[in-house]
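*Asks:* Can you keep this structure in mind? I'll have questions shortly.
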Amino acid sequence: MKRFSRRETLAISTSFVTGSLLAAPAKAQGRPRVVIVGGGFGGASAARTLRQIEPDFDVILITEAAQFSTCPFSNMVIAGERPFEAITFGYDGLAARGVQIVIGRAIELQTSGQVVVMEDGTKVAYDRLIVSPGIELKYTDIPGYDEALQDRMPHAWKAGAQTVLLRDQIAAMRQGGTFVMSVPNNPYRCPPGPYERAGLVAHFFKKNNPTAKIIIVDGKDSFSKQALFTEAWDHLYPGMITHVPFSDNGGVIEVDPEALTVTTAFETFAGDVVNLIPPQRAPQLLLQAGLGGDGEWCPIDQATFESPFAPGVHVLGDAAIVGDMPKSGFSASVQGGVCAHVVAALLQGEPPQQGVLLNTCYSLVGPEYGISVAGVYRVNAEGRLKSVEGTGGTSPTGASDDFRVSEAAYAKSWYANMTTYLFG
Ligand SMILES: Cc1cc2nc3c(=O)[nH]c(=O)nc-3n(C[C@H](O)[C@H](O)[C@H](O)COP(=O)(O)OP(=O)(O)OC[C@H]3O[C@@H](n4cnc5c(N)ncnc54)[C@H](O)[C@@H]3O)c2cc1C
């Protein structure tokens, strides 16, 4: 292990005293202790990377449930192309690598005392904290909707029981019925996710319910990879998917879960199945700790992921404002890796290295039809994580079916590699 500066040693040992009074699990003397909240893409990546580069650190991963179902590839489950079990993982792989797993809900971050408070009252002390808890859905922002109605109009925007419910509703939909999807304005988790879902549901309908229709009621006028999606819809599912942009609907003003209608400023859309994706924000856990400042997402130092509002706390993934990077699992996992290096350096009393970050968002418009957008990001002179000019971009329109089959294979391979790295 590298040597600490005297100041750093003092800071760490002081917090160890506090920690040893409060911490669960027990803290080994003299070992830097990093606590991570959220065992999804950002948190699992940070935990695995940190243990790999600093085997002498204590790395504690706090996460709500013993199993994690991924949103990536959940649209394939909804379309009946993969079993739900294929997107669900446990934490044995991380535990075998020496990450201490704490299953439970964190309810408060006491950032001045460097402690995470758990639902059962346990307090977990840290030297540095990494948080990647994903998103919170703003159910009541839509008049007529609230969390209790999510089973009637599922969102399926957090993978789990909602994914299975939406899959089953779609499978049971009457012949020739209508599937209505309400999509929020930006920013939200996975910008291309709703349009991937529309394509994969259309694939299911083409085989099982060929006269069914899909209507996307959108909270914006344009969307990620739009030219690629619309080309694919016309090619694979002609006439089945209608996209109603914000300027043609004026925004959702009310929903009626009993009647299964979505009313916009200009029109009411009736569905046999309604997939209502509410607007989103960073979880209350972070906003209550002041990590959002005056806003609903968490600003960070884009080179170190450290919060300007709480020294020693690093925010990753969907909850954070990470420059030009989209809210994706790929982004969150890369951020987790870079943040692990930053935290390791800071706890060793060294200046953190500057990372170059990558993202690729694959979307499957059919099980064998893939499209993608990629980006490379670097912190600029103003401290913003910006797309590097001349890199990335979308895959081409007008490509052959063989090209699309290859992109679908890359998407599946990305998913297998990523989940093996995080949970395998
Ligand atoms: C339909 C859909 C398809 C998608 N497809 C893709 C894709 O193909 N590729 C891609 O890159 N991205 C995709 N995404 C986006 C991706 O799922 C998210 O961007 C990613 O999961 C964000 O990672 P995260 O670490 O911020 O949050 P998450 O991965 O959601 O992890 C958060 C974790 O924190 C836990 N947690 C939350 N609060 C607490 C608490 N208080 N205490 C303890 N634990 C807590 C949660 O239970 C969860 O385990 C998709 C999203 C959707 C909805």
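*Asks:* Sum up the charges of everything whose Cβ sits under 14 Å from the Cβ of SER328, counting Lys and Arg as +1 and Asp and Glu as -1, but leave SER328 out.
*Replies:* That works out to 0.
*Asks:* List, in order, the whole-Hz ³J(HN,Hα) value for each residue of the stretch 348-356 obtained from phi through the Karplus relation with A = 6.51, B = -1.76, C = 1.60 and θ = phi - 60°; use x for Gly and Pro.
*Replies:* Values, residue by residue: 8, x, 10, x, x, 7, 7, x, 10 Hz.
*Asks:* Sticking with this structure for a sec: Return the percentage of antiparallel bridges among DSSP beta bridges fully within the stretch 141-280, rounded to the nearest 5 %.
*Replies:* Of all bridge pairs located within the stretch 141-280, approximately 35 percent are antiparallel.
*Asks:* Here's something else I'd like to know. Straight-line reach only, C-alpha to C-alpha below 25 angstrom: list the lysines that LYS327 could link to, leaving out same-chain residues fewer than 8 apart.
*Replies:* LYS138, LYS158, LYS220, LYS225, LYS386, LYS412
*Asks:* Could you give the length gained on full extension between GLU119 and ASP248, defined as 0.36 nm per residue of separation minus the Cα-Cα distance, in nm?
*Replies:* Working: separation 129, 0.36 × 129 = 46.44 nm, distance 4.53 nm.
Value of the extension gain: 41.9 nm.
*Asks:* Give me the Kirkwood hydrodynamic radius of the stretch 232-333, using the inverse of the mean 1/r over all pairs of distinct Cα atoms, in Å to one decimal.
*Replies:* Kirkwood radius, the stretch 232-333: 16.9 Å.
*Asks:* Output the direction-averaged projected area (hull surface divided by four) of the convex hull of the alpha-carbon atoms of the stretch 141-280, in nm².
*Replies:* Reported value for the Cα convex hull: 7.6 nm².
*Asks:* Please compute one quarter of the surface area of the Cα convex hull for the chain and express it in square nanometres.
*Replies:* Hull-based average projected area comes out at 20.5 nm².
*Asks:* In addition: Need one number: % antiparallel among DSSP beta bridges in the chain, to the nearest 5.
*Replies:* Taking every DSSP beta bridge with both residues in the chain, the antiparallel ones total about 50 percent.
*Asks:* So, one more: Based on the alpha carbons, how large is the Rg to Rh ratio for the stretch 22-116 when Rh follows Kirkwood?
*Replies:* With Rh from the inverse mean 1/r over Cα pairs, Rg/Rh is 1.05.
*Asks:* Moving to a separate point now. Given an 8 Å cut-off on Cα distances and at least 6 residues of separation, report the relative contact order of the stretch 141-280 as a percent.
*Replies:* This gives 37 percent for the stretch 141-280.
*Asks:* Excluding residues fewer than 8 places away in the same chain, name every one of the lysines whose C-alpha is closer than 23 Å to that of LYS123.
*Replies:* LYS27
*Asks:* Using per-residue counts of other Cβ atoms within 10 Å, averaged over each peptide, order 392-399, 80-87 from highest down.
*Replies:* Listed from highest to lowest mean packing, they are 80-87, 392-399.
Values in this text are rule-based calculations from the coordinates and carry no lab data. Quick caveat: nothing in here was measured; it's all calculated off a predicted structure. Methodologically, a virtual Cβ is constructed for each residue, glycine included, from the backbone with ideal geometry; neighbour enumeration extends over all protein chains shown.
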